[in-house]
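*Asks:* This structure is in structure tokens; I'll ask about it shortly.
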Amino acid sequence: MQTYYVLMTAMAALGVIVFICLFFLKAGYGYLSTSNWGPKISNKLAWVLMEAPAFFFLLGYTLNYAVNCSAPVNSNLVLYIIAGLYLMHYFQRAFVFPMMLRGKSTMPIAIMLMGMTFNTFNTWFIGKWLFEVAPAGYYTTAWLTSPKFIIGLIVFLAGMSINMHSDHVIRHLRKPGDTKHYIPTKGMYKYVTSANYLGEITEWIGYAILSWSPCGVLFALWSICNLAPRSKSLTEKYIKEFGEEYTKLNKKNLIPFIW
């Protein structure tokens with residue numbers, strides 16, 4: 001357990017460093033794509049390779065627990081539901097989302113490998129907490145009717161809904177064959193540049209609440225550290241490309257009406 005918490009502390013510190021660095025170093029994929037990050041591969045393949053480890057790793061952790069744990073110290077139902085929400089997100093992200101991507105965009109292999117590495121470590125933190133580290137009696141069946149779980153679940157599902165709808169908006173900005181850039185204005189894009197990131201951060205804040213766990217807090221922290229600077233960079237990119245057409249929309253970067 002000591003090693004687990006030391007590694008979590010190191011991961012949190014690294015997240016803060018990444019947060020600072022990303023205000024100066026732009027991750028070159030998507031709308032911010034550049035040639036500075038080395039060789040690239042298909043965006044669809046990159047997303048599958050980057051996100052699938054999170055799904056398969058936690059699925060394996062869960063199945064191993066189900067087969068080998070003869071004396072559970074917490075409610076199996078609660079553990080499976082909390083793990084299942086994580087698996088639901090990553091199934092969509094690894095196997096549904098990439099298949100719906102349009103065009104022939106690419107992602108740097110370096111970005112893909114960094115994402116894959118983070119997902120693997122993050123999933124280890126989640127799985128180990130749920131099935132090994134969480135104190136005995138921490139997750140009883142009463143957890144499912146507690147304010148923490150109910151509020152967290154609502155926030156999680158709201159975030160997932162915002163994230164998926166925002167991805168839908170982006171996918172349908174162009175007609176087939178069109179390569180121009182357009183300003184998204186539907187859904188939460190009325191208020192922020194990065195509605196998809198707003199949804200994802202909201203989702204993992206909800207997960208931190210519903211699981212009430214240090215690994216959930218770590219994931220929410222990392223989501224903010226990774227995506228908040230990128231949302232600012234995206235705003236700057238839109239302003240550079242569209243100028244007053246974009247600034248007159250009075251969008252914020254990530255948090256409606258605030259930032």
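*Asks:* Of all the residues that make up segment 92-110, how many are touching a residue at least 12 places away in the same chain (Cβ under 8 Å) and assigned to a helix (DSSP H, G or I)?
*Replies:* Qualifying residue count for the region: 10.
*Asks:* Any residue in segment 249-259 that is closer than 15 Å to K26 by Cα and touching a residue at least 24 places away in the same chain (Cβ under 8 Å)?
*Replies:* no
*Asks:* Quick one: what pairs do we get from segment 155-171, first residue over 10 Å from T202 (Cα atoms), second not in a helix (DSSP H, G or I), C-beta under 7 Å, 6+ apart or different chains?
*Replies:* Close Cβ pairs (under 7 Å, with a partner that is not in a helix (DSSP H, G or I)) amount to V169/P184; V169/K186; I170/P184; R171/R102.
*Asks:* Let me ask something else. In segment 106-124, what count of residues is obtained for those that are hydrophobic (A, V, I, L, M, F, W, C), more than 18 Å from the chain's Cα centre (by Cα) and buried (at least 19 other Cβ atoms within 10 Å of the Cβ)?
*Replies:* Residues in segment 106-124 being hydrophobic (A, V, I, L, M, F, W, C), more than 18 Å from the chain's Cα centre (by Cα) and buried (at least 19 other Cβ atoms within 10 Å of the Cβ): 0 in total.
*Asks:* Can you pull out the residues in segment 172-228 that are in contact with a strand residue (DSSP E or B) (Cβ under 9 Å, 6 or more places away or on another chain) and surrounded by fewer than 23 Cβ atoms within 10 Å (Cβ to Cβ)?
*Replies:* Passing the criteria: only Y191.
*Asks:* Only one of F118, F149 is under 30 Å from P39 (Cβ atoms), touching a residue at least 24 places away in the same chain (Cβ under 8 Å) and not hydroxyl-bearing (S, T, Y). Can you tell me which?
*Replies:* None of the other options fit; the residue is F118.
*Asks:* Residues that are under 15 Å from the mean Cα position of the chain (by Cα) and assigned to a helix (DSSP H, G or I): does segment 75-82 have at least one?
*Replies:* no
*Asks:* Taking T179 and the conditions (1) modelled with pLDDT under 95; (2) within 22 Å of L218 (Cβ to Cβ); (3) of a type outside the set (F, W, Y), which numbered condition does it fall short on, given that it satisfies the others?
*Replies:* (2)
*Asks:* Now, a different point. If you scan segment 17-42, which residues turn out to be at pLDDT 85 or above and either in contact with a Leu (Cβ under 6 Å, 6 or more places away or on another chain) or not in a helix (DSSP H, G or I) (or both)?
*Replies:* L22, F23, F24, G38, P39, K40, I41, S42
*Asks:* Condition first: aliphatic (A, V, I, L, M), closer than 20 Å to R102 by Cα and touching a residue at least 24 places away in the same chain (Cβ under 8 Å). Now tell me which residues in segment 172-201 satisfy that.
*Replies:* I183, A195
*Asks:* Every residue in segment 125-156 that is of a type outside the set (S, T, Y) and either surrounded by fewer than 16 Cβ atoms within 10 Å (Cβ to Cβ) or closer than 21 Å to A46 by Cα (or both), please.
*Replies:* Passing the criteria: E132, P135, A136, G137, A142, P147, K148, I150, I151, I154.
The values are calculated or read from the model by the stated rules, or taken from the named source; none is laboratory data. Predicted, not measured: the structure shown is a model, and the values here were computed from it. Every residue, glycine as well, gets a Cβ built from its backbone with ideal geometry; the counts of neighbours run over all protein chains shown.
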